[in-house]
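Read the figures in this text as sums done on the coordinates, not as results from a lab. Keep in mind that what you see is a predicted model, and the values were worked out from it rather than measured. Cβ: placed from backbone, ideal geometry, glycine included. Neighbour counts: every protein chain shown.
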Amino acid sequence: MNGGDGGDRRDRERPVERRIPGPRAAADDREELPPVRSGEAEPPPEPPEPPGPPEPAAPPLPHKVLTSLLGAWALAACSAEETAAVEEHLTSCAPCAEEALRLRDAVGLLHTDGTLDLDPMLRSRVLEGCLGRRPARIPVPTWASPYDAETARLDALLRDIGDSEWHAPVRLKWFEDDRQVNRRTTVAGVIGHLVAVDGLVSGALALEDPLGAGDLPVSPTERTEAYWSASTRPLTRAVREPWRDQSHSLIRTVSFAGRAISERSVSYGHFALPLQDSLLERAFECWLHAGDIADAVDYPYEPPAASHLHRMIDLAARLLPATLAGRRRAGLAAPARHLVAAGSPGRSLHLEVEGRGGGDWYIALDSPAALGSPAHTVAQVALDGVEFCRLVAGHVPPVEAAAGQQGDREAIRDVLSAAASLSRL
């Protein structure tokens, strides 16, 4: 056993030869080449074959095929051969050349940096054009057209937003006791607010009240709170249908009733307005709250038509003398400086509204029954039309609203503060 162990040890100590394979032959090396004898020249190369006849040119594409390629050509989606064929065809075919230019212009719109959203006033212009060609059998009264237009614009905005955006937060702003207050709600909550306050107009027209039957609050704020509280769950996009049906009922009712109904009184609790002014006030609030919603969902929204905006500004200007007198009785404005007989001119403030819907108004300062007169102007205020409406809505403080002020500083302060006090929830 010892001898066996020694032999094993010697075997282990003997170096082992490693067999390393040689490099693999290339693929070309495996081909068998004909042997070349030493001293013999290589055979001369075979002469090239003579060129054959030229390939026939492709037949020109028919007109119908070239016309069908114009859209792809405008989008730069044709092959090089098709592009050459189309462009050669355009030099000799005027109708196709005109169509190609129209398609190229359309392709340019696909790459524009501007918004592709429809103009918010498109519906109003289309309706105006249609009614101009064929008047409606029962036309909407002129004094109700701002409400009709603003509810239609808001409905178009609501149709475009998604389900989740109905729960987007919205902060409503207004002035109380000369300070700005706010209330947080949602897009659906804003529409619920419009439903509740529009119900005051419905009640004046003997239509169904959205708050139901019974002893109902008259104040817009109380009605809104009651409507919000009556919902056991957060409002959703389902509130759009009752709001839209209600607005349609209002427009349809005043259209059939005619002019005689325009002076019917609509109570807002501590004040009342004729129906024609009430619908104008509802149009104003519809526009302002549509802007609140558009800001919440990041959507472009334009001001009303110039003629409608002018009437909204005029309503606020007509309400200012009585509002100023009420603030004076509450000690929130400077006392009157002159006793003015009813219908007589007193001191006035010249309200100059610029831009869309602009104009000139003379606000009586000493008595709500007095007539504003250019001859008795003691102060002048210049504002942009949309900015004045934002002031009346309580969206901007009075000290920041006026672009230009001249004259009696006390009168200017009182009028701007009275304008902001017109706002409410």
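At-a-glance table
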| item | result |
| --- | --- |
| Top positive-direction residue, dipole computed over the range 137-302 with Cβ charges, set Phe256, Gly203, Gln180 | Phe256 |
| Anisotropy class of the range 63-105 from Cα gyration tensor, a/c 1.5 cut | oblate |
| From phi via Karplus (6.51, -1.76, 1.60), per-residue ³J(HN,Hα) for the range 240-247 in Hz, x at Gly/Pro | 5, 5, x, 5, 5, 4, 5, 5 |
| Sequence-separation-based contact order of the range 137-302, relative, with Cα cut under 8 Å and 6+ spacing, percent | 35 |
| Options Leu351, Ala418, Val381, ranked by Cα towards positive dipole end of the range 321-421, top entry (Cβ charges) | Ala418 |
| Relative contact order for the range 319-425, counting Cα pairs under 8 Å that sit 6 or more residues apart, in percent | 27 |
| Mean Cβ count within 10 Å, highest first, over the residues of peptides 156-166, 100-110, 200-210 | 200-210, 156-166, 100-110 |
| Rounded to 5, percent antiparallel among DSSP beta bridges of the range 321-421 | 55 |
| Rounded to the nearest 20 debye, dipole of the range 321-421 from Cβ charges on Lys, Arg, Asp, Glu | 380 |
| Mean separation of Cα contacts under 8 Å, 6 or more apart, over the residue count of the range 63-105: relative contact order % | 47 |
